[in-house]
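Novice: Sharing a structure, written as structure tokens. Questions coming.
The values are calculated or read from the model by the stated rules, or taken from the named source; none is laboratory data. Please read all numbers here as calculations on a predicted model, not as lab measurements. No Cβ is skipped: glycine too gets one built from the backbone with ideal geometry, and neighbour counts run over all protein chains shown. For the accessible areas, the whole protein counts, side chains as well, though only heavy atoms, and no ligand, DNA or RNA atoms are used. Shrake-Rupley method; radii C 1.70, N 1.55, O 1.52, S 1.80 Å.
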2 protein chains.
Amino acid sequence: MVRRTSLKEADCPVARALDAIGDWWSLLIIRDAFSEARRFGEFQKSLGVAKGILSARLRNLVELGILEIAPASDGSAYQEYVLTEKGRGLFVVIAGLRQWGEEHCYEPGEPHSALIDNETRQPVGRLELRSADGRVLGPLNTSVRLNPMPPAKPSGRP
Amino acid sequence: MVRRTSLKEADCPVARALDAIGDWWSLLIIRDAFSEARRFGEFQKSLGVAKGILSARLRNLVELGILEIAPASDGSAYQEYVLTEKGRGLFVVIAGLRQWGEEHCYEPGEPHSALIDNETRQPVGRLELRSADGRVLGPLNTSVRLNPMPPAKPSGRP
DNA sequence: CCGTATCCATTCCGATACTG
DNA sequence: CAGTATCGGAATGGATACGG
């Protein structure tokens, strides 16, 4: 990766998550994996990424336990890349990116597809973050501290 | 940015979103902006990022309408960077990354903070994606197509 | 304190050629 | 089709020096 300073050991879940999948291609690979993409060529064609980069990204995602290698479902002697449970846990992240992209990354009149439930064929609602008591903390709520750095500032002097 | 092929015009909200904030630093900057960071030096100290990179990222985020420049709240003659509504819309994305990071990026015994509501001081629940009829589509639900590429494959042959 | 500009090592990206 | 190896160009990342 490009970054010199690793965030793997940072004391922040967001930083650790971004250290794992915060590059430009990994989340798009995972997005396709949530669809039906499984084969090297499927990812390659869908993303238009260089094969060398895709190879490195897939290897990294397997190493991190986000994807796992399975024998080909058809007869071919190659391998398939399928999401693990850890990988499927990224569903909310990608769904959140998709919601935000739909709302803020298209021109006013520009058409764009909506998030559809494949089973009911109905549009889905919005992502909601609920408090333990059931209160919806909503996308605009900022009373939740996303950065776990409490005022650890010592008031006394050394 | 690093990527040569721009995804700004891709026909996928996820790709467009990642084109905007899919690099290594932008989401961390936004994370800090959700806390109390507003000044150049605050971001710089919190992230440990090179000043040149931070300058470029902040400029890009302002240009995209995710941050906006406000006059300093204190007396100083400098500027502050505050989230716009578009930027605050990324709340669910960062909260999702944080949830995933908490669950999958720490060693079994390794301590880590939980997502706490600053008002009630209670831990918050999980992110939920609800269908239009109220059904919870949950983090592991895959019946929602995240990649808007319907089976546009023509069945007939040319 | 804020922000830009410069230098340099490292890495990524894209394209291509190559082996099974 | 699947995956690796290599090459050149471009941008990042880190450090530092420089003006406002």
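A quick yes/no check of all residues on (1) of a type in the set (Gly, Ala, Ser); (2) under 12 Å from the mean Cα position of the chain (by Cα):
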position: B:ILE30; (1), (2): no, yes
position: B:ALA33; (1), (2): yes, yes
position: B:ARG38; (1), (2): no, no
position: B:PHE43; (1), (2): no, no
position: B:GLY48; (1), (2): yes, no
position: B:LYS51; (1), (2): no, no
position: B:PRO71; (1), (2): no, no
position: B:SER76; (1), (2): yes, no
position: B:ALA95; (1), (2): yes, yes
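Novice: Out of the residues in region B:27-83 meeting the condition of being within 12 Å of DNA strand C (Cβ to nearest atom) and acidic (Asp, Glu), tell me which one is most open to solvent (accessible area, probe 1.4 Å).
Specialist: Among them, the one singled out is B:GLU63.
Novice: I'd like the full set of residues that are in contact with a Ser or Thr (Cβ under 9 Å, 6 or more places away or on another chain) and either among the aromatic types (Phe, Trp, Tyr) or modelled with pLDDT of 90 or more (or both), limited to region B:43-61.
Specialist: Residues satisfying the conditions are B:ARG57, B:ASN60, B:LEU61.
Novice: Restricting to region A:18-45, and then to whatever is assigned to a helix (DSSP H, G or I) and within 11 Å of DNA strand D (Cβ to nearest atom), can you tell me which residue is farthest from the other protein chains (Cβ to nearest Cβ)?
Specialist: Taking the candidates together, the pick is A:PHE40.
Novice: Restricting to helices (runs of 4 or more DSSP H) lying wholly in region B:47-128: which have 3 or more residues that are among the β-branched types (Val, Ile, Thr)?
Specialist: The qualifying helices (runs of 4 or more DSSP H) are B:91-104.
Novice: I'd like the full set of residues that are of a type in the set (Gly, Ala, Ser) and within 9 Å of another protein chain (Cβ to nearest Cβ), limited to region B:46-58.
Specialist: Matches in region B:46-58: B:SER46, B:GLY48.
Novice: Pairs please, first residue from region B:23-49 and assigned by TED's automatic domain parsing to the domain that holds B:ILE116, second anywhere and more than 10 Å from DNA strand D (Cβ to nearest atom), Cβ atoms under 7 Å, 6+ apart in sequence or on different chains.
Specialist: Listed by first residue and then by second, the contacts come to nothing, as the list is empty.
Novice: While we're here: For region B:46-57, enumerate the residues that are within 12 Å of DNA strand D (Cβ to nearest atom) and on the phi < 0 side of the Ramachandran plot.
Specialist: Correct list: B:LEU47, B:VAL49, B:ALA50, B:LYS51, B:GLY52, B:ILE53, B:LEU54, B:SER55, B:ALA56, B:ARG57.
Novice: When region B:103-115 is examined, which residues are found to be modelled with pLDDT under 90 and surrounded by 18 or more Cβ atoms within 10 Å (Cβ to Cβ)?
Specialist: Passing the criteria: only B:LEU115.
Novice: Condition check: under 29 Å from B:GLU119 (Cα atoms) and more than 16 Å from DNA strand C (Cβ to nearest atom). Does A:GLY109 satisfy that?
Specialist: No; evaluated as a whole, the condition is false for this residue.
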